[in-house]
Each structure stands twice: as C-alpha cells, then as structure tokens.
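A.B. asks: I have a structure here, written as structure tokens, and I will follow up with some questions on it.
The values are calculated or read from the model by the stated rules, or taken from the named source; none is laboratory data. Predicted model, so just to flag it, every value in this text is computed and none were measured. Neighbour counts are summed over all protein chains in view; Cβ atoms, including those assigned to glycine, are modelled from backbone coordinates with ideal geometry.
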C-alpha cells in the first residue's frame, strides 16, 4: 500500500508542474494582452498628436508663405513710393 501512495504522489507531480506552467502561461497571456491594449492606446494617442502636428505645420507653412508675399508686396510699395517721391522732388 505504501508503494501505491508513493506512486500516486509521483504520478501527480507532472500534473502539478503542468498546472504551474499553465498558470504561468495564463499570467503571461494576461500581461501581454494588457501591454497590447496599452500599446494600442499609445498608438492612437500618438497618431492623434501626429495629425495635430501636421495640421500645425501646414498652418505654419501657410503663414510663412503669406508673410513672404506680404514682404514682397511691402518692398514693391516701398520702391513705387520712392519713385513717386523722386518725381515730386523733380517738380
């Protein structure tokens, strides 16, 4: 009988090890799912930030182009006013 009890205990050791491994595996899967969910949230947040930055960049490029056009216009007006002043001085 003692041998049967020992044999049963020995027979359960592989099952115990398997149970531990399954428990560890379930824990790992749970952790990986949580990490994946966090990564998806981070990805969505960063995508939104990137879109916002692209919009700001487009606005800045538009403002830069407008500023350049206004400077060119100012230089043209300055030249024309200078020419008119020279004509007035000639009179």
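A.B. asks: Within the set of pairs 6 or more residues apart or between chains, which connect a residue that is at negative phi and surrounded by fewer than 10 Cβ atoms within 10 Å (Cβ to Cβ) inside region 23-43 to a residue that is assigned to a helix (DSSP H, G or I) and modelled with pLDDT under 95 with Cβ atoms less than 8 Å apart?
C.D. replies: So the pair list comes out empty.
A.B. asks: Under 22 Å from the mean Cα position of the chain (by Cα), at pLDDT 95 or above and part of a helix (DSSP H, G or I): does that describe residue 24?
C.D. replies: No; evaluated as a whole, the condition is false for this residue.
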